[in-house]
Each structure stands twice: as C-alpha cells, then as structure tokens.
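To start, the structure itself, in structure tokens.
The values are calculated or read from the model by the stated rules, or taken from the named source; none is laboratory data. Keep in mind the model is a prediction, meaning the values are calculated, not measured. For neighbour counting, all protein chains shown are included, and Cβ atoms are generated from backbone atoms with ideal geometry for every residue, glycine included.
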Amino acid sequence: MRLGLFYNELRGIDETYNRLTAQELGVFLVSNGVYHAVIKEKGSSSPILNKKDAAFYVLREDLETRGFSESEVDKRVKVISYDDLVDLVMDRYEKLAWL
C-alpha cells in the first residue's frame, strides 16, 4: 500500500507514527507540522524526519505563513505547492491519513 500521511501538529512523535508501515510512505508536513522541517532542538532535527524509507514534503505556503523560507528546510524535506500536493495525493498515494 502507498500511504500519504498528513502531519499537522508540532507535538512530539505520536506512537501511531512510529508503528506506521507502508510499501511507500509520504509524510506531508502541513499547518504547524511545518516546524518539523525547519526547527532544530539542541542541534538535532525533528525525530519525525528519522522515519526510514519515507518521503517528506512541506507546503511552501504554510512555511511562508510562519515566516520561514525554503533555505531553512531540512535537506530530507521537499518543498511543494498546493498544486504539487494535489498531484501527489491523486497520482501517487492510494490511502491518506492524518496525525
């Protein structure tokens, strides 16, 4: 199964997130979830980004709304537009979930 996961909170890692498995996993950092793409605590990136074999995406519009630029985004995260998001959801991922 190809799963697209919307992560929209700044809170720490959810236990459900750690248990997720999929043939292909795409993690969309939206709303306050964008902080995981840019904020470092004690020099370390968010543990959300440590999920092996996952593709990470962050919405450009949500980044800009919170005062961040693409240059601040972790290299493991691809910055996308709403149009890109729609294309990925419609063409790549079979199932969607929110955390």
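Which residue, of Leu3, Leu25, is in contact (Cβ under 8 Å) with a residue 40 or more places away in the chain and of a type in the set (A, V, I, L, M)? Give the derivation first.
Values: Leu25 fails: in contact (Cβ under 8 Å) with a residue 40 or more places away in the chain.
Step by step, each of Leu3, Leu25 is checked, and only Leu3 is in contact (Cβ under 8 Å) with a residue 40 or more places away in the chain and of a type in the set (A, V, I, L, M).
On the given criteria, is Glu9 in contact with a Ser or Thr (Cβ under 9 Å, 6 or more places away or on another chain), of a type in the set (Asp, Glu) and at pLDDT below 95?
On the way: in contact with a Ser or Thr (Cβ under 9 Å, 6 or more places away or on another chain): yes; of a type in the set (Asp, Glu): yes; at pLDDT below 95: yes.
Considered against the rule, which asks whether it is in contact with a Ser or Thr (Cβ under 9 Å, 6 or more places away or on another chain), of a type in the set (Asp, Glu) and at pLDDT below 95, Glu9 comes out as yes.
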For this session: Among the candidates Ile80, Ile13, single out the residue that is surrounded by 14 or more Cβ atoms within 10 Å (Cβ to Cβ) and touching a Pro at 6+ places or on another chain (Cβ under 7 Å).
Result: Ile13
Seminar exercise, completed: Within the range 80-96, residues being assigned to a helix (DSSP H, G or I) and in contact (Cβ under 8 Å) with a residue 60 or more places away in the chain number 2
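Being out of contact with any helix residue (DSSP H, G or I) (no Cβ under 6 Å at 6 or more places or on another chain), free of Cβ contacts under 8 Å to residues at least 24 places away in the same chain, in a helix (DSSP H, G or I) and among the small types (Gly, Ala, Ser), is that true of even one residue in the range 71-79?
Here is the first cut: in the range 71-79, the ones out of contact with any helix residue (DSSP H, G or I) (no Cβ under 6 Å at 6 or more places or on another chain) are 71, 75, 78.
Add one more test, that the residue is free of Cβ contacts under 8 Å to residues at least 24 places away in the same chain, and what stays is 71, 75, 78.
Then drop every residue that is not in a helix (DSSP H, G or I), which leaves 71.
Those left that are additionally among the small types (Gly, Ala, Ser): 71.
Among the residues of the range 71-79, at least one is out of contact with any helix residue (DSSP H, G or I) (no Cβ under 6 Å at 6 or more places or on another chain), free of Cβ contacts under 8 Å to residues at least 24 places away in the same chain, in a helix (DSSP H, G or I) and among the small types (Gly, Ala, Ser), which makes the answer yes.
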